[in-house]
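Novice: Have a look at this one before I ask anything.
Derivation of every value follows stated rules applied to the coordinates shown; laboratory data play no part. Being a predicted model, the structure only gives us computed values, none of them experimental. Here the Cβ is made from the backbone with ideal geometry for all residues, glycine too, and neighbour counts use every protein chain on show.
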Amino acid sequence: MIGNHIIGFFILAMMFANTSAADKTTLDSFDSNPSSRWAFISDQVMGGISTGRVTFTSHEGANYAQLEGTVSTANNGGFIQFRSAPGEAITRNATGVFLRAKGNNQRYFIHLRTKWTKLPWQYYQSAFDVTDVWQEYRLPLNTFEPSSGFMPRSPSAKSLTSIGVVAFGRDHVVNIQVEEIGFY
């Protein structure tokens, strides 16, 4: 009897895993020249002193982007990121962002910009905490918070213009690897 329950649970888990994978649209798995699609940006564009870089690596058959550096809130700064434009075909029916990541046991953010976020300090953000083990994170669009009170309450999938993986808001050492990112 217990064996049948375990087998039933296993079958349900496999069905869920298959439907979860089917509802995702990958933006990038960091192969085929990802540096042409992603840009590194830091608070130095506005006088901050945070430093870092994004590198694209292949290790043991896996491709990933690695964001490394130091975030400093001195001089009104406080971020480093790598960012890309997702394109409407990928985001049209999205209800959330997914990524497969690991890192140095810190909190990181996904920042989304839309056609309504015209000023550099306008974005929507959602946080996630990485561990040193690869895992998938799912961030529903309705949980993204606007950086300003003069923006719509949550981002619209149809109006997304960029997505960024961001180390933000506090002094800390950054080390996050992202193996896959996209929308669901």
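Novice: Of the conditions (1) within 24 Å of Thr55 (Cβ to Cβ); (2) among the polar types (S, T, N, Q); (3) surrounded by fewer than 19 Cβ atoms within 10 Å (Cβ to Cβ), Gln81 fails just one. Which one is it?
Specialist: Status for Gln81: all satisfied but (3).
Novice: Quick check: is even one residue across segment 120-140 touching a helix residue (DSSP H, G or I) at 6+ places or on another chain (Cβ under 7 Å) and surrounded by 14 or more Cβ atoms within 10 Å (Cβ to Cβ)?
Specialist: Checked against the condition, which is being touching a helix residue (DSSP H, G or I) at 6+ places or on another chain (Cβ under 7 Å) and surrounded by 14 or more Cβ atoms within 10 Å (Cβ to Cβ), segment 120-140 yields at least one hit.
Novice: Looking only at segment 84-95, which residues are touching a Phe, Trp or Tyr at 6+ places or on another chain (Cβ under 7 Å), farther than 23 Å from Asn63 by Cα and either assigned to a helix (DSSP H, G or I) or not hydrophobic (A, V, I, L, M, F, W, C) (or both)?
Specialist: Selection gives Thr95 alone.
Novice: Quickly run through segment 135-160 and pick out the residues that are within 14 Å of the chain's Cα centre (by Cα) and either among the acidic types (Asp, Glu) or not in a helix (DSSP H, G or I) (or both).
Specialist: Those that are within 14 Å of the chain's Cα centre (by Cα) and either among the acidic types (Asp, Glu) or not in a helix (DSSP H, G or I) (or both): Gln135, Glu136, Tyr137, Arg138, Leu139, Pro140, Phe144, Leu160.
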